[in-house]
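Inspection log for the structure reproduced underneath, given as structure tokens.
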Amino acid sequence: MTAVAHEERTDSLDEAELEALRESVAGMLAEECNSRAVHLWLDRENELGPVIWRQAADLGWLALALPEADGGLGLGARGLTLLNRELGARTAPGPFLPTLCVAQWLSRVGSEAQRAELVAGAATGEHSFALPAILEGIGRLALVDGKVSGEIQVLGTADATFALVPASDGGAAAWAVVRIADGTASLEPCESWDLTREVFQLRCNNAPTVALISDADGTAGLLLGSYVAVAIAADSLGAADNIAHKTVDYLKERVQFDRPIGSFQALKHRAADLIGKITTQDALLEQAVQSLDGGSPDAAMWARLAKAGATEAFAFVAADCIQLHGGVGHTWEYDPHIYIKRARLNEALLNNNRALRDTAVQLLDRALGEGRTTTELNS
């Protein structure tokens, strides 16, 4: 059985300090990862991804969620979602989602030596991780004598240092960390509708394992999926909120029949509905974050429900924002297409939302069978 340590989250920051931290992150991204910078990145005319990755490392953002024992601030899932929400709002490129999630997970399941080698480097931005784009319900790569062979589609960047992959020697399941190097493990770019992130085909040919995490009972994999789920949910809600507010601003500026179109009641109601959808999913994500940080046995259920709800809300909001922009909403020069493409990839990541809800139902059934209640929000 995999030993999963309890989340070492501290309460070193109160709500006012967390808000100040969020504003600091949002301020830097607003300056460095604004709409023009993202469009230049899509046209491959700047180095936005590496630039904000280096700045995030210099500012200590990559260590926000990690336990203090690993050189972090100890904010746990709260820190993970805070950062990913602001990154999503700006549709930021870079290896943030896979690296932050893998590092957080390794801080819980890794040995002291594994954490010293892998988590510390991720906290400083020295290296980054690639992670399977579809994490649950997939086959495992072959593990023979500590070496991994096979291929799998991963989310990351071309210069990723390590990849975390599901592996098996024909018996017990495990998670293997391999170093990406020519000859043993290589990345081949895949076409992706979302140009703000990069997807690759990882090919392993007797790639030596840097770390091997046993997962005979599935506990470690469930925890990994929970971190990925809340990170995707936060990214989605941050992005949905930003494109919704950009669209409201556009409605105030666009004039038709000598009036701003935002003054028409029908469009006011549509805009209000968008904000309502986001706010509803915020509550579900908050429950997932509290459950993860509190070590609740139901955290995996809440995390998967949060990812499913948030990504569907994001896709709805992004699509409606294209319509509210009118014809220009479909053009390359405007922002809505960037958000709808990110939304569609977010829906697919981890697992499809129907499968995630099926998993949540199974976890709920288990909880009820054990006599637990999952109906009230944590205080």
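Read the figures in this text as sums done on the coordinates, not as results from a lab. Being a predicted model, the structure only gives us computed values, none of them experimental. Note that we place each Cβ from the backbone using ideal geometry, even for glycine, and neighbour counts take in every protein chain shown.
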Take the Cβ-Cβ distance between Thr373 and Ala319 as r, set R0 to 45 Å, and report the resulting FRET efficiency rounded to the nearest 0.05. 0.80
Asp217 versus Lys268, label points 7 Å from Cα toward the beta carbon: distance in nm? 5.7 nm
Give me the extension gain from Asp58 to Asp365: residue separation times 0.36 nm, minus the current Cα-Cα distance, reported in nm with one decimal. 106.0 nm
Compactness of the range 191-308 - radius of gyration and Dmax, Cα, Å: 20.8, 68
Using only the alpha carbons of the range 57-115, what is the convex hull's orientation-averaged projected area in square nanometres? 4.0 nm²
Pop a pseudo-label 7 angstrom from the Cα along the beta-carbon direction at both Asp358 and Thr331 and give the gap in nm to one decimal. 4.4 nm
Kindly provide the helix-only [θ] at 222 nm of the chain, computed as the sum of -39,500 (n - 2.57) over DSSP H runs of four or more divided by all residues, to the nearest 500 deg cm²/dmol? -17000 deg cm²/dmol
Expressed in nm to one decimal, what extension gain is obtained for the pair Val210 and Gln153 from 0.36 nm per residue of sequence separation less their Cα-Cα distance? 18.6 nm
Let a ≥ b ≥ c be the square roots of the eigenvalues of the Cα gyration tensor of the range 15-127; is it rounded (a/c under 1.5), or, if not, prolate (a/b larger than b/c) or oblate? oblate
Among Asp320, Asp159, Asp14, which one shows the biggest mean-square fluctuation in a GNM of the chain, springs joining Cα atoms closer than 10 Å? Asp14
Loop-exposed GluC sites (Glu not before Pro) per DSSP, neighbour cap 14 Cβ within 10 angstrom, longest uninterrupted part of the chain: 192-332
Please tell me the relative contact order of the range 131-214 in percent, rounded to the nearest whole number, where contacts are Cα pairs under 8 Å and at least six residues apart. 34 percent
So which of Lys268/Lys307; Lys246/Lys307; Lys246/Lys341; Lys252/Lys307 end up more than 25 Å apart, counting from Cα to Cα? Lys268/Lys307; Lys252/Lys307
Which one of Ala234, Ala65, Ala216 has the biggest mean-square fluctuation once the chain is modelled by GNM with Cα springs under 10 Å? Ala216
Relative contact order (%) - criterion: Cα under 8 Å, at least six apart; region: the range 219-369: 30 percent
Which one of Leu62, Leu75, Leu212 has the biggest mean-square fluctuation once the chain is modelled by GNM with Cα springs under 10 Å? Leu212
For Val148, the residues 5 or more places away or on another chain with a placed amide H closer than 5 Å to its own amide H are Asn206, Ala207, Thr209
Unit Cα scatterers, Debye sum, the range 219-369: log10 I(q)/I(0) for q = 0.12, 0.15 Å⁻¹: -0.54, -0.75
One checks the Cα atoms of the range 131-214 and finds Rg and Dmax, in Å, of 12.2, 38
